[in-house]
Each structure stands twice: as C-alpha cells, then as structure tokens.
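The values are calculated or read from the model by the stated rules, or taken from the named source; none is laboratory data. Computed from a predicted structure; not experimentally measured. In this analysis, Cβ positions are derived from the backbone assuming ideal geometry, glycine residues included, and neighbour counts consider all displayed protein chains.
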Amino acid sequence: MTNLTTYQIYDLINRPHPIWLVRVDLSDANLLWVDLSQCNLNWSNLNKVDLNWANLMGASFIKANLSMANLFEAILEGAVMNEVNLTRSNLTRANLNKVDMNDAVLVEANLNRALISKANLNRSNLNGANLVRADLSKSNLVGTNLSGADLTHANLFEANLAGANLRAADLTNADLTGANLNKADLSEAKLTNTMMAEAIMPDGTKHY
C-alpha cells in the first residue's frame, strides 16, 4: 500500500485521466467534488474518505476498502466494484445505476434513495442496510443477503432476487412487481402493502 502526502494526492488527482491509483492509501482524505471517473482504484484504502458529490463514473474499485466512506450523491454509474468493502458507508442519493458490485460487503450501509437500477449485486452482503426508497429496479440480486435490511418504499420492479436472504427485511410499501423471488427466504419479513403482482414467489409459483 502506497502512502501519499496531501500534496501528492492533489497532484495526482489533477493529472490527465484515467489515473492509476491501485493499492494507494487515501484513507481520511477530503475529496469533495473530485473527478475520478474511469480511474483505477483497485485494492486501494479509502476508509473514511470524503467523496461527497464525487464523479466516479466508470471507475474501478475491485477489492477496495471504502468502509465508513462518505459518498453522498456521488456518481458511480457503470463503476466496477466487485468484492468492494462499503461497510457502514454513506451512499445516500448516490447514483449506482448499472454498477457491477458482485460479492461486495455493504453491511449497515446507508443507501437511502440511492439509484441502483440495472445493477449487479449478486451474492453481496447488505445485512441491515438502509435502502429506504432506493431504486433497485431490474437489478440482479441473486443470492444476496438482505436480512434485516430496510426496504421500505423501495423499487424492486422486475428485480432478480432468486435465492436472496430477505429474512426479517422490511418491505413495507415496496414494489416487487414482476420480481423473481424463487427460493428466496422471506421468513419474518414485513410485507405490509407490498406490491407483488406477477412476481415469482419462493415456491416457484407466480403471484396474481
């Protein structure tokens, strides 16, 4: 892991893109409004980094550590984030549309009102995450752990939740129209006013 001074960090991020930032330690850095679109940050340490309103479109964060990072309204559309660690990070109103985030850790992450449409989050761990009013429409969440997650008013229209763990999740007023819940665990889940028309239920039958 390469440790950089504040001067070196700001010198790097102002160089012509795309920037190679593999295995770089940017923990605790203040990077408000930064443009790191299309940059490579694989295996980097971004623990507690401040990336509010950052442009991270198309960037690569494979196996990066973004635990407890601030990404309020950050643009991450099309980013590659497989096996990333976003434990307890703040992604409120972030744009994660079309992101690849398979096998990621987002335990207790705040994704309130986040845009996560047409994304891949297969086998990711979102235990206890806040997904209130998040848009997960047409996303792949096969085998994803959403146990205890708050999905109140979430949009899961045509989402693929096959084999997902939704045990004790709060799906109150969520839209699961046309969703695939085949073999999903909905035990103890709150389903008050949940819309499930045309959804494939855990037993393989279609809900009408």
| Residue check: is VAL105 under 19 Å from ASN160 (Cα atoms) and aliphatic (A, V, I, L, M)? | yes
ILE75: passes all of (1) touching a strand residue (DSSP E or B) at 6+ places or on another chain (Cβ under 8 Å); (2) at pLDDT below 95; (3) not aromatic (Phe, Trp, Tyr) but (2)
Problem - Residue check for SER27: among the small types (Gly, Ala, Ser), surrounded by 14 or more Cβ atoms within 10 Å (Cβ to Cβ) and under 21 Å from VAL99 (Cβ atoms) - result: no
Being crowded, with 21+ Cβ neighbours inside 10 Å, in a loop (DSSP other than H, G, I, E, B), polar (S, T, N, Q) and at pLDDT 95 or above narrows SER147, SER137 down to just SER137
Considering residues that are in a loop (DSSP other than H, G, I, E, B) and either surrounded by 15 or more Cβ atoms within 10 Å (Cβ to Cβ) or at pLDDT below 95 (or both), the number found within region 192-208 is 7
Taking first residues from region 15-36 that are farther than 15 Å from SER89 by Cα and basic (Lys, Arg) and second residues anywhere that are part of a loop (DSSP other than H, G, I, E, B) and modelled with pLDDT of 95 or more, the pairs with Cβ under 6 Å that are 6 or more apart or on different chains are ARG23/TRP43
